[in-house]
Every structure is written in structure tokens, then in C-alpha cells.
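Colleague: Dumping the structure here so I can ask a few things about it.
The values are calculated or read from the model by the stated rules, or taken from the named source; none is laboratory data. The model shown is predicted, which means the values in this text are computed figures rather than measured ones. Here Cβ is always computed from backbone atoms with ideal geometry, including for glycine, and neighbour counts include all displayed protein chains.
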């Protein structure tokens, strides 16, 4: 079916269907309301009639009772049959066939007879029927006028849409309705892609902020160690401080340009790990922490910035949450494609392990031990490993230490 067919035929059919449905629903509601009102009114009239028959029957004046019933029939056009307690027909204006349903009549608990009434031929019934017919006529007229007005409006809109479509297609080409579905899918895909880019952008900003925190923390440790005379300001220390300043300077263009394309390539990451560990040797020395290094060639496909983030996050976490004089163990295993970082620090409880990869989450003990932590380091590591189709496993015991194993794709 083409769009032209849909606009010229189907929409009008749907409009007719909607109008008919509304008309039927409207009449159904009116019918229910009218039926309830009719039943209430006939019940009220019936109770009044029975009460008067009981009163007149108790007076044993048959002439007055008959005159009243004749007057009632004349005013209301209702069928009435009254039989007294002697089973004699006192009044009847209709044929009696014995199938009528009678209502017993009592006067102060004294049985005086039975009465049959039929209001279907009454003026009341005629009034309700006539009113219902008028409402139906009004509904049909309203439906006709509404359909004409709405059809005229739809025709104008259809002509405008068809005119626009004429500019979109060639004279010998048919534009099918299914193509609108394809366009809609492209729009939805574009929206999802834009949302994904926004999420990548936000994660990128968080990662850069965390990358900026690492050299700033190192500078803070250098300054504190020099101030407390735990470290001597010599050429080696000056070089390390200058390297940290350059690291900050290198991050600034990335934050300005927002370059989120980091190329991963297959290479041995062990030399870079060794350089990073030696780079922060003076930082570890400030707390008398030893680094036990056991590196095998580890060839994996990963970006340099990503392996740098992994090592800095894991090793600095071990540094922050270890007491003075402890040892941090760093190992790479070529056969298993694993990177292992182990410490004997404060460790983590089960609740912390359960939420450790949540954004900005820190365990209660970690927050007290190292108040300046951001809580996103391990999440960044986990995101990097997940994107590289790897797996991270954390084993930790409170007050005993933590072992982190990262398994890369072989």
C-alpha cells in the first residue's frame, strides 16, 4: 500500500469507525440512564396506586374505588386489573388471560386484594421512547456534521502532505509506507547513538578527572615528604616532580579537544608497567613501602593510556590503603594472560566487594583510612577491562589485604 492510498482512503474509514463507536457508546449510556429513570418513576407511581387502592378498599366503597381507577387509567393510559379478597374482579380495562403477575394489596396488614398494572402503554413509556428517538436523531445529525467537518480538514491536510511528498519522489517512483518505518528506525538509532555518545563523553570526563588526580596526588606526597624531611630534594626527585607536572600539561589538551579515540594495538605491556612502577618509586619510599615486581612478557591488545590507568589505579589503591613498611606485589603471567596486583593492606568486607564497581562508591573503612579518594578508580579499571573483553577478579579479606587478578583475552 502506498502513502497516497493510505491518505486518500484508509484514514477516512478510521474516522468513520471512531465516530460510529462514539455514537454507539453515547446511545448506550443514554439508554441505561433512561431505563433506570423509567424504572424509578414506574415504581413510584405503582407504590402510590397500590396505597390508594388499599385505602379505598378498606372503606368498602366499590363505586369510589372504580371511579378512581377509571380516572387513573384516563390520565396515565395504563392497564389495570384489580381483584378483591373474594377473588372477584372489581376493575379491569384489559383482557385477563391468567398469566398476569399480580401484586398483593394490604391495608394495615389486612389483605384486601391483588392488582395487576402494565405501564408499557402509558404516557410515561411513550415520553421516554420519544425522548430516546430524539436523542438518536440528534446523534445522527451531530455525527453527519462532525464527519463532514473532519473529512474536510483531513482532505486539506492530506493534500498538503501529498504535495510535500511530490517533492520527495520522482514521477515514476512509488513511495511506500514501509519506507516511513525505515526512516523512523534510522531516527531512533540516531537518538540511541547520541545518548551513547553522551554517556561516553561523561565517562571520558570522569576518567580524565581521575587521571589528573593521580599526578596531583603524587605531587602532594612529594611535597609532604620533603616538608617532613622524609625525602631529600635532589635531581632525581626534581625530575620526578617535573614529570608529574608534564603529565598534567599533557592532560589539558585532551580535556580541551575531547579526543575520545584511543587506539588499541597489540604489544608487550610489561616494559610500560616497569617504567610506571620505577617512576613512582620515591612515592612508595615516602611510606617505606616495597614493590615486589615479577614481570613476564605480556602481549595484549590495549591502548597505552588504558594500561597506564590500570596500573596507576591498582597500585595507588594498594599504596593508599597499606600501612608503612608493607609490600605491594605486581606480577604478569604470559601463559595465563594475567596481571596481578596484591597488597597486605586494610582489605575489604563483603558489602564493599559487592558494590566495588559502582560509580563513586567507597567502603566505610576506606573512607576513614583515606578521606581523599574519589571512589571511581576500580570502576574505570573495570570499564577498560570490559571493553577489552577481559575479566577482573578481586579477592579480599578485611585487615589482611587484597588480591586483584585481571585476565586478558588470549
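Colleague: Could you pull out the residue among 308, 326, 337 that is assigned by TED's automatic domain parsing to the domain that holds residue 214, farther than 22 Å from residue 383 by Cβ and surrounded by 14 or more Cβ atoms within 10 Å (Cβ to Cβ)?
Modeller: On the way: 308 fails: farther than 22 Å from residue 383 by Cβ; 337 fails: farther than 22 Å from residue 383 by Cβ.
It is 326.
Colleague: Kindly list, by first and then second residue, each pair from a residue in segment 205-221 that is within 14 Å of residue 240 (Cβ to Cβ) and in the same structural domain as residue 377 (by TED's automatic domain parsing) to a residue that is modelled with pLDDT of 70 or more and assigned to a helix (DSSP H, G or I), limited to pairs with Cβ atoms under 6 Å and residues at least 6 apart or on different chains.
Modeller: Here the result reads 214/312; 215/244; 215/247; 215/248; 218/244; 218/283; 219/244; 221/283, each pair linking segment 205-221 to a residue that is modelled with pLDDT of 70 or more and assigned to a helix (DSSP H, G or I).
Colleague: From the list 351, 295, 378, exactly one residue is modelled with pLDDT under 90 and under 27 Å from residue 240 (Cβ atoms). Which is it? It would help to see each step written out before you state the result.
Modeller: Working: 351 fails: under 27 Å from residue 240 (Cβ atoms); 295 fails: modelled with pLDDT under 90.
Testing whether each residue is modelled with pLDDT under 90 and under 27 Å from residue 240 (Cβ atoms) leaves just 378.
Colleague: Name the residue, out of 226, 205, 169, 188, that is at pLDDT 65 or above and over 36 Å from the mean Cα position of the chain (by Cα). Break it down stepwise before answering.
Modeller: Working: 205 fails: over 36 Å from the mean Cα position of the chain (by Cα); 169 fails: at pLDDT 65 or above; 188 fails: over 36 Å from the mean Cα position of the chain (by Cα).
Within the list 226, 205, 169, 188, the selection yields 226.
Colleague: Within segment 55-113, how many residues are assigned to a helix (DSSP H, G or I) and either surrounded by 11 or more Cβ atoms within 10 Å (Cβ to Cβ) or touching a helix residue (DSSP H, G or I) at 6+ places or on another chain (Cβ under 9 Å) (or both)? Working first, answer last.
Modeller: Residues of segment 55-113 assigned to a helix (DSSP H, G or I): 55-58, 62-76.
Among the residues that remain, those that are also either surrounded by 11 or more Cβ atoms within 10 Å (Cβ to Cβ) or touching a helix residue (DSSP H, G or I) at 6+ places or on another chain (Cβ under 9 Å) (or both) are: 55-58, 62, 64-70, 72-73, 75-76.
The qualifying residues number 16.
Colleague: Further question on the same structure: So residue 134 ticks every box in (1) closer than 23 Å to residue 26 by Cβ; (2) without any contact (Cβ under 8 Å) to a residue 60 or more places away in the chain; (3) touching a helix residue (DSSP H, G or I) at 6+ places or on another chain (Cβ under 9 Å) but one. Which box is left unticked?
Modeller: (3)
Colleague: From the set of residues in segment 233-270 that are in contact with a strand residue (DSSP E or B) (Cβ under 8 Å, 6 or more places away or on another chain) and loosely packed, with under 11 Cβ neighbours inside 10 Å, which is modelled with the lowest pLDDT? Spell out the reasoning first.
Modeller: Applying the first criterion (in contact with a strand residue (DSSP E or B) (Cβ under 8 Å, 6 or more places away or on another chain)) to segment 233-270 yields 264-270.
When the remaining residues are screened for being loosely packed, with under 11 Cβ neighbours inside 10 Å, the result is 265-266.
Numbers: 265: 81, 266: 85.
Selected residue: 265.
Colleague: Could you say whether any residue in segment 383-390 is out of contact with any helix residue (DSSP H, G or I) (no Cβ under 9 Å at 6 or more places or on another chain), modelled with pLDDT of 90 or more and either surrounded by fewer than 18 Cβ atoms within 10 Å (Cβ to Cβ) or in a loop (DSSP other than H, G, I, E, B) (or both)? Outline the logic, then answer.
Modeller: Just the residues of segment 383-390 that are out of contact with any helix residue (DSSP H, G or I) (no Cβ under 9 Å at 6 or more places or on another chain), to begin with: 386, 389.
Retained after the next criterion (residues that are modelled with pLDDT of 90 or more): none.
No, segment 383-390 has no match at all.
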